[in-house]
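Accompanying notes for the structure given below.
The values are calculated or read from the model by the stated rules, or taken from the named source; none is laboratory data. Given the structure is predicted, the values throughout are model-derived calculations rather than measurements. For neighbour counting, all protein chains shown are included, and Cβ atoms are generated from backbone atoms with ideal geometry for every residue, glycine included. Ligands, DNA and RNA are excluded from the accessible area calculation, which covers all protein heavy atoms including side chains. Shrake-Rupley method; radii C 1.70, N 1.55, O 1.52, S 1.80 Å.
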Amino acid sequence: MSVTAIIGGSGLYALEGLEERNVIEVDTVWGAPSAPLVTGVLEGSRVIFLARHGNPHRIPPHRVNYRANLQALKDAGASRIIAINAVGGIHPQMGPEALVVADQIIDYSWGREHTFHADNLDEVVHVDFSYPYSEPLRQQLIAAASRCSLPLLDHGVYGCTQGPRLESAAEVNRLERDGVDIIGMTAMPEAGLARELELDYATLALVVNWAAGRTEELITMEEIHRVIDSGMSSVLAIVKQVLAATD
Ligand code: HPA
């Protein structure tokens, strides 16, 4: 039976309806993950849940120990990862409440521990990252949304900024010129580390605000939380639908 890890982002800190629930405190050679792993069975399928920012949410994007998170999931037997991300939207179709299964990444983050292959190497390792997301897992997410009759955009370029501050309007204009459709702060190094560990990885992003400078209003946390509260049930429905279709 394959084991699916779910990395919950802002607004998703637990999986409702988990059977055979177990909370395990783990440690890795890279340190402790953001939170204990929560294992169990959802829709008949084995899952491991990890709250990326801790539970309660206390770890900002640039301080997440991504190596520990990915290693802990691998050590616990995960074979694939569905990452949940709250993002800002640039593409005209990717406004608040839109769901996006991204197909590409541009990494603007810096200063994060972004590789398992840095020290004590027998040889230098360069993994292929032409297509950062697993196409089979992406297709499963897209099919699951369609079975739930939930509208979803099936491609988009995720630009990963450093945070924790949001972008300036001029930065968003530059990101748009680069081809970025949605902006978040956590896809990297997470996706790259998943690739290094040979874990299938895909993201289901919920757009929670228009990117900076795209509307007259400034971005407020109140508005972001409102969209997270209304949108996370759709995210969960899609994840459950993927699991229901998993052996
Ligand atoms: N920019 C970067 N990260 C984000 C945003 C944003 O506008 N919204 C949610 N996460």
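See the values below:
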| item | result |
| --- | --- |
| At least 20 Å along the helix axis (C-alpha) and Kyte average at least 0.5, DSSP helices within the chain | 221-244 |
| Heavy atoms of L42 accessible to a 1.4 Å probe, total area in Å² rounded to 10 | 0 |
| Dipole-positive endmost among W110, L236, Y158 within the chain (Cβ charges, Cα centre) | L236 |
| Dipole magnitude (debye, nearest 20) for the stretch 22-148, charges at Cβ of Lys, Arg, Asp, Glu | 460 |
| Equivalent ellipsoid, the stretch 112-247 (semi-axes from 5 times Cα gyration tensor eigenvalues, Å) | 27, 24, 13 |
| Student exercise, the chain dipole from Lys, Arg, Asp, Glu Cβ charges, in Debye to nearest 20 | 340 |
| The stretch 63-80 and the stretch 106-130: distance between their alpha carbon centers, rounded to Å | 15 |
| Cut-off under 5 Å, modelled amide H: who pairs with V3 long-range | S79, R80 |
| Mean-position separation - Cα centroids, the stretch 190-242 and the stretch 159-179, in angstrom | 16 |
| Residue with peak Gaussian network fluctuation, the chain [Cα springs, cutoff 10 Å], from V64, V26, V235 | V26 |
| Reciprocal mean inverse distance between Cα atoms of the chain - Kirkwood radius, Å | 18.1 |
| Cβ-defined net charge surrounding Y108, 15 Å radius [Lys, Arg +1; Asp, Glu -1] | -3 |
| For S168, solvent-accessible area (1.4 Å; no DNA, RNA or ligand), Å² | 50 |
